[in-house]
1. Suppose the chain between residue C:258 and residue C:152 were pulled fully straight at 0.36 nm per residue; how much longer would it get relative to their current alpha carbon spacing?
2. Please give the peptides C:59-68, B:204-213, C:206-215, A:11-20 ranked by average Cβ packing (other Cβ atoms within 10 Å per residue), highest first, as a rough proxy for protection.
3. For the range C:238-259 and the range C:99-138, compute the distance between their C-alpha centroids and round to whole Å.
4. Going through the cross-link list B:190/C:145; A:9/A:152; B:134/C:220, which pairs have a Cα-Cα distance over 24 Å in this structure?
5. List the trypsin sites (Lys or Arg not before Pro) within the range B:603-701 that fall in a DSSP loop (any state other than H, G, I, E or B) and whose Cβ has at most 15 other Cβ atoms within 10 Å.
6. Where does each of C:168-178, B:502-512 land if you order them by average Cβ count within 10 Å, highest first?
7. In percent, what relative contact order does the range A:61-134 have, based on Cα pairs under 8 Å that are 6 or more apart in sequence?
8. PRE reach from residue B:64 (point 7 Å along Cα→Cβ): which of the range B:127-156 fall under 18 Å by backbone N?
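Taken together, the values in this text are just the output of simple stated rules run on the coordinates, not laboratory data. Note that this is a predicted model, so its numbers are computed, not measured. Here the Cβ positions follow ideal geometry from the backbone for every residue, glycine too, while neighbour counts run over all protein chains shown.
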Amino acid sequence: MSRLNPFAKLPGLNTASVLLVESEEHFQQSLAEALVEETSVTVNVRLAKSFPLPIENDESRPRIDLVVFIINLTSELSFQSAEASLKYLEPGYFLGKVCFMVTNARSSSVPAERLDAVRRLAASLHCPLLFAEEQTPQGVTNAAERLLTILKAAAGFVPFTTPLYLSNLTRCTLPPDIDQPSFD
Amino acid sequence: MAETLCLSDSDRSSSSDQSVPSRSNNRSLRIAEKERKKNEAEDSFVLALRYFSEVEAGTPVAGNDELDRNLAVVEKVAFSKGLSPEAISVLLEFAMSLRMGTSPCVRVLKCLIPASVVAQQAVVRAVVWLNVSKIPISTQVLFIKWVLTVFDLIDAKDQLRAIYGFIFSFITEENLCPYICHLLYLLTRKENVHLYRVRKLLELQSKLGRQPFLMHLLSLYKVFCPELVTLSIPSRIRSGFKNYISPWKSALAAVQKSNGQQVSSSISAAFTIKEKSISRKRKHCHLDLPALSSVLNKEPQSEQTSRRKMVPLVHLSSFAQMLKDMHRIELPAQMGSLLGSSLALQYLDCVQEESALLRLNFWLGCALHEEFLFCRQTSEEALQFLNNLLSAQHFLQEGFSSSDAFLYKFLNVWDGSLLRPQILGLLSNIPVIPSTQIGRLLFEPLTQLFFTSSMFFKCGLMECLNNMLLKWLTWHSVYALEDDLDISLNSHTSINITLSGFKDSVMELVHFVGRLASLGLQLEGCNTLLLSFILDFYETVCDTFLKFGLPLVVMPPPGVFYPALLATDPVSVDRLAYIMHRYKLNLTSAKSQEKQTEPQQAFHISRHTFRQFNHYLVFMVNCLWNCRMFHANTDMHVREELLHKSNVPQYWTRFDFIHHPAFTGYAVDFHQKCWPGKKDVDVNSIKQSKPWSWYLEYLFNQGFDGLKDFVHSSISRQVTAGDELQDSQQR
Amino acid sequence: MAGEAASLEVEGPLSEAAQAELLELCEEQFAHLEKLQNELLLCEPHFSDSPQEQMQNRLMATEAELKKRQTEEPQLLAGNPDILLHAGKEEVLKLCSQLETVLSCCQAKRDKLRETKELEQKWLEEKTQVLKAAKNHVEQLQKEKEDISVHSMLQDIKEKIQKMKAYQETLMECLGDILEKHVPLPQMEAGPSRRKKSADSQISQELVSLSEILEVLMNKALQSPHDPYVIVDETFWPPYVEMLLRYGMAVRHQENSFKIRLGAFF
């Protein structure tokens, strides 16, 4: 099984590369467009539906600094696909170079268990879990901005910070059952 | 039957109302017939309505094409434009009377989407049918759910209230009970609370267990008549009436959107109450429907003549009028409408009516949950709603527990940008959280948001946490009684917290912000804007004792202190100097008070705090004044060789008032003013004693008041840093 | 690393010597990077998929980073004064733009505070008015209380009693009408069944109407509250008793099932 290795290639000069993985390909495109707006570094965005990645692209693919799994909460498939893709990543990625981005979390049709499952997954891998409002332009820009914050650290652009260091600060934790907090 | 209960339960006679529905039906059909000439498309709808109002009981359903066709027509209109009050009356009557059995009944109920309002009379009649005809329980539930959904759209509530006892009697039906409780909750007034009803509810509770819907209703009863309900009710009841997923909600929203009306969804209903009542009247005029508007017009009159002589809040138009009638104001049925009206808030604030706050809180919880947490589109409406909520909280100077509960949930799915100013505003209003809970409720979601978001979010959150701390401290200084360690944080919640518990929470918060600040500064390259927000926070923290009387002093972490001291801009250094000056005043005054009070009292500031303060102070004085920056026992670990290698001349003086990167500009400027002729600038010449004091004076005149205070309180010519150090060891 | 070097290069005209020095620095760093990269590729991936081990690895990596951080020394910038000047200039320009944002932020904050102050002042004004109005009201009430005479009070109460009586009267009448209309005596319905006519009429002659039952119950409850029970005899039509009990209007005696009383509605 060929796995994606975070250190297989040399980093490009002044370049950060991010891989957006989304089985439904709804949000990828607009997010990618927002990501490349960044001017302080060259942002390289690669898109994929799922892992494994096609071998024929191995040559042209740059060193991936951050893998983002986009999970649409209204679809069970979306979650399953992301979960199945994880095993195609070298464990080195889980030291700060993977993050999950959830869409449609504020929808009444989402079963609470699914969000919990995503949370559990992210927490067990110590990865950050971001929520995105993908339907408004402002939401997309904001999602891109937050990804760039992580990406810059993951690609080593932030002095005195390493990917692992940041991920220790941002990793998802399991929220308690707060249906109604009771202080009694 | 309905009439019976009307009479036995209400103050006024309703004799004339009995024939209203049939009359209004006929009338509506007449109007409809006129419209037919104008509009061919609506023709079939009018015919359909006529069919439903005239169809004989017992007409077969199976294979009845006419019924199918008419139902389809009605459904089409309902889901596209919504139904007029008259159409709703006709259809409801048809459905609930089971004229053609249950299956069309359910289908009709499901398409009852009001375009504007629902006539109260129709609902009352339907409730009567509930008992008379043999409607299956599931359909009864459906009907009550419908009433709950359109409750805000029912044009008056007086007759519904009059049959309170009648509605109450359905409570024994187990499947209906949760929904009936909800409806009763919305209708209950003080005069409805009777011992036999309380008894019935308690009996049900012993049968069904402590169900949240019963608890909610009982808690409202308890607020109205505490002497009747001796049961203890937890301060927060687990999620109350879970009725928010109703089949009509989205259709209703869609219809209202397409109609361009802001009439209903509970959010907008709350804030357009005045305009709504006007537009409603206008609409009735336009439709020429006296039956309904008479109910409306009658209302104020009957209120005048009834023995309580209450003035509904809606009828108040000015502040002066409110002052005049303050003792006889009646709160509206729709509590949410209070939030949008400044008069209502004034009233609420001065009467401190607990039932009103309870109901408002309850309504708010539902609204926030339904309309916001689980609503995909966030429009201007949501923005307006939250702004109104914020200003209401600001006015009442307290939060609502339901909005707190909502926030704790929302933080876990927030993207950090959606309605950011409003969410952060609400967040800064939450009351003190016990230190055992604060981590999981607040810190964990906020940490994740903070470190993955932009610098501006970081600044916003800092400001929000500063405001939160300020509010907590203000509460403390207002509510804490000197002898009583138990402080009630908020006049309307039953969360009591001891002084030491309060101190723990504040300490947790300050330490948390300290962590965020140190790491945030590091990640953002000590950005000046972020630093300024962080210093704002510490300006609050350093004064906890003197300004707010809380015997607690927490020093900033090194990750905040050193970046501020070594900052390249003079403003940050000046503010740090001010903060250190205030710390000194707080600590000295706490110290002297500690000596006066008995040792066993819980008034103690840890030695560690004093040590940390002295440590910082010594470093600061050494750095700015004594030119002894790299003194042996400081936090600066830089090897001597490295310093030599850097070729910086006299590196130990580099952060004094003259060479500090924040002040070199001033030093050069001063030098030029002092010795205008001199060609080569040697700022070291300022070090001589005369020019030095002039230079300080010059700096102080630039507006650096913090530095001025700091120098005056912590440095004087006689006291050197060494003495200060000894002083600290004595402590 | 690459980023730092590059950002220095961007800034304007540097002297050749300075540029050469910078380039050399970059080369050095890049060579170092390549060396590390090769080492990384050579070392066998010994990672495993078990979460336990991944956790261990994470801990080890974090500890290693911590150690590195604790022993790390600050690095000097390049010695060339030209480079230092450029770096310093860049730093100052950055500071300037940051200070500008600080300024606009402070101005916004000041405006906000001003608005808040105005609002609070308005509220304060209104609250003082409310207080004044409430005080006036209290005074007025007290005055009324003093003015009131025993006679007028008596008159007042008499009027109220009168009103209550009238109200009760209408209620009773209404109840009577409704019971008469909707809950008739069984004999009227018993008409169609002709076969048992004799037996039926015999019973129904002795039956009392629902309103009478209610009256007996109410009277008993008021007259002898210590013993509000009424004995159910054959004049009470059983379906009526059943109905009263079922809807909680009447309650059966705990020991004697022939006795009922009015539900406690007061």
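1. Numbers: separation 106, 0.36 × 106 = 38.16 nm, distance 5.02 nm.
Between residue C:258 and residue C:152, full extension yields an extra 33.1 nm.
2. Result, highest mean first: A:11-20, C:206-215, B:204-213, C:59-68.
3. Between the Cα centre of the range C:238-259 and that of the range C:99-138, the gap is 64 Å.
4. Too far apart for the 24 Å limit: B:190/C:145; B:134/C:220.
5. Values: sites: B:607, B:611, B:628, B:639, B:645, B:654, B:673, B:678, B:679, B:687; in loops: B:628, B:639, B:654, B:678, B:679.
Here the trypsin sites (Lys or Arg not before Pro) that fit, given the DSSP loop and packing criteria, are B:639, B:678, B:679.
6. The packing order, highest mean first, is B:502-512, C:168-178.
7. Answer for the range A:61-134 is 37 percent.
8. B:133-136
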